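What follows is one structure encoded as structure tokens, with my remarks underneath.
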Amino acid sequence: MAIIDSNGSFVKTNPACTETLGYSETELVVKPFIEFVHPEDKQSTLDEMARQRQRGYTINFENRYICKDGSVRWLSWRAIYNKEEGITYATARDVTEHKQAEARIRRLVEANIIGIIFFDMTGNITEANEAFLSMIGYSRDDLLSGKVQWTDMTPPEWRAQDELAIEEIRATGKWKAIEKEYFRSDGTRVPILLGGAMLDRSPDQGVAFVLDLTEHKRAEETIRKAHEELEQRVIERTKELSEANMKLKELDRLKSMFIASMSHELRTPLNSIIGFTGMTLQGMSGELNDEQKDNLTRAYSSAKHLLSLITDVIDISKIEAGRIEAYPETFPLREMVDEAIATIEPQLKKKGLTLEIDVPPDINLITDKKRLVQCLINLLINAVKYTESGGVTVSSRGTDGQVFLCVIDTGIGISEEDIHRLFKPFERLENHLRVKAGGTGLGLYLTKKLVTDVLHGDVSVESVKGQGSTFTIKVPGDIRQTQKVSIEQSGGDIL
Ligand code: ADP
């Protein structure tokens, strides 16, 4: 509070006044108050003083004062002028903070980086910035005069969402940004993101922030289209690939069929060569001299080698063409093992190797016996071929419906880095027996194919180089449990 005399000098100030300005009362009293007013506000203040003397009072007049520390403070004045005394009794409120807040908001609004509107709860827009006006295409007048209301700008399908937003703002004082659309003045639509809050001090005044989403939506649409195109391309490409895959499969099948039938054609003349050279070697066509015998023996064993190669190739092609099916029959495991051993016993004896058989007599199997024997013989041939001293053991056991057949040798063994090559076609490992032992490199590949594809089992190997190897065949004790085709349909030897 301050009392000012007819000369415009301070007569009295209260502590709130001295505290606000930073001067003591003695520094203020008798001095003209206008000295302390901000230079830019001096004229308007003097004008107001003149009006006050005529009217007798001042309400809500605002001006700036320079405080003792040089800072500027906004004061809002109310005053009564006593004509008789020539004295003004004035009270002021310090509204500096309020003014600063207002200035900040104004700067934000006028920056026009985002659309900003002020509104009341009846839907009237009380202020809008340029950013908003250019987004919407209406003039400030259209909006502020009430000619165009908020609800007029909102397409009907978005009104319900607006109602919810109003409820939210009533309950919480703000509402979370929502996506919607406005009608522009030309009737087109603009997609926007809208969020807002009630303003302090004026409960029925709110502010809303409006972001134009046109570019954003356009980018979204471009991405969506690109995705769609990509998806379409993936579908087309997948179709092409699966067609190509089908063609390849068909080609593969044809190739295998071709080899199978060609190989058959090869076997007939080859059998004739083997038969006749064998007979000639036995002296059926007369005595042979040593050189003739030697030459014929080479021809005979080469022909035999070729025959076994062709036989393996036929089998592999048939399996790959899906033309080998299992023909299950019931038989004692021991009997099958004996049958296989019988075929390799001569070579075993020739090399002076021992033989051990550890197969329980009571295990019965239901599977394709011919194919299982073929696999076991392949493993036994290898065991004999690649063992120079010691012997071969065949052992077996059955658990959980599976039968395990192991061929154990005390031969040259296989190094760890070579093991993964074993079951690949035409792979023969480098070792000192390679030439002497002979072979095609197809035996294990064929065995693996037969066991997995025809007998529905598996082959595995464990080996220590220089000590020996153990090859294990695991097959289901009853193949019918794993076969898709029932035995009746298989057309094979049925139990
Ligand atoms: P191959 O006709 O050469 O015997 P296989 O497919 O039967 O062809 O075997 C592939 C290679 O695996 C053989 O060349 C040999 O180097 C190795 N191999 C197979 N069985 C044994 C074994 N019991 N001990 C050591 N090496 C073996």
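The values are calculated or read from the model by the stated rules, or taken from the named source; none is laboratory data. Keep in mind that this is a model prediction, so the values were computed, not measured. Every residue, glycine among them, receives a Cβ derived from its backbone with ideal geometry; neighbour counts consider all protein chains shown. Just the protein is used for accessible areas: all its heavy atoms, side chains included, with ligands, DNA and RNA removed. Shrake-Rupley method; radii C 1.70, N 1.55, O 1.52, S 1.80 Å.
Filter the range 256-281 down to residues that are free of Cβ contacts under 8 Å to residues at least 12 places away in the same chain and of a type in the set (D, E, K, R), then give me how many there are. Result for the range 256-281: 1. Taken over the range 95-137, the criterion of being open to solvent by 20 Å² or more (accessible area, probe 1.4 Å) and part of a loop (DSSP other than H, G, I, E, B) is satisfied by N112, I113, I114, M121, T122, N124, G137.
So that you can scan it fast, the table gives a plain yes or no per residue for (1) surrounded by 11 or more Cβ atoms within 10 Å (Cβ to Cβ); (2) at pLDDT below 90:
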residue: R140; (1), (2): yes, no
residue: V148; (1), (2): yes, yes
residue: P156; (1), (2): no, no
residue: R159; (1), (2): yes, yes
residue: T172; (1), (2): yes, yes
residue: S185; (1), (2): yes, no
residue: R189; (1), (2): yes, no
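When restricted to residues that are surrounded by fewer than 20 Cβ atoms within 10 Å (Cβ to Cβ), under 29 Å from I319 (Cα atoms) and touching a Gly at 6+ places or on another chain (Cβ under 8 Å), the range 386-407 contains 4.
Scanning the range 327-369 for residues that are under 27 Å from G439 (Cβ atoms) and touching a Lys or Arg at 6+ places or on another chain (Cβ under 7 Å) gives M336, V359.
All conditions but one from (1) within 15 Å of the ligand (Cβ to nearest atom); (2) free of Cβ contacts under 8 Å to residues at least 60 places away in the same chain apply to E335; the one that does not is (1). Sub-7 Å Cβ pairs linking a first residue in the range 371-382 that is free of Cβ contacts under 8 Å to residues at least 40 places away in the same chain and assigned to a helix (DSSP H, G or I) to a second residue that is away from the ligand (no atom under 13 Å from the Cβ) and open to solvent by less than 30 Å² (accessible area, probe 1.4 Å), at least 6 apart or interchain, are V373/M336; V373/A340; I377/A340, ordered by first then second residue.
Go through the range 399-429 residue by residue and tally those that are of a type in the set (A, V, I, L, M, F, W, C), within 17 Å of D358 (Cα to Cα) and either in a loop (DSSP other than H, G, I, E, B) or more than 8 Å from the ligand (Cβ to nearest atom) (or both). The total comes to 5.
How about the range 424-444: which of its residues are surrounded by fewer than 19 Cβ atoms within 10 Å (Cβ to Cβ) and closer than 30 Å to L365 by Cα? Those that are surrounded by fewer than 19 Cβ atoms within 10 Å (Cβ to Cβ) and closer than 30 Å to L365 by Cα: K424, P425, G441. Looking only at residues in the range 430-459 that are more than 7 Å from the ligand (Cβ to nearest atom) and in contact with a Pro (Cβ under 9 Å, 6 or more places away or on another chain), the one that is nearest to T311 (Cα to Cα) is L446. Here is a check on your reading of the model: is I3 in a strand (DSSP E or B), among the hydrophobic types (A, V, I, L, M, F, W, C) and at pLDDT below 95? No: the conditions fail for I3.
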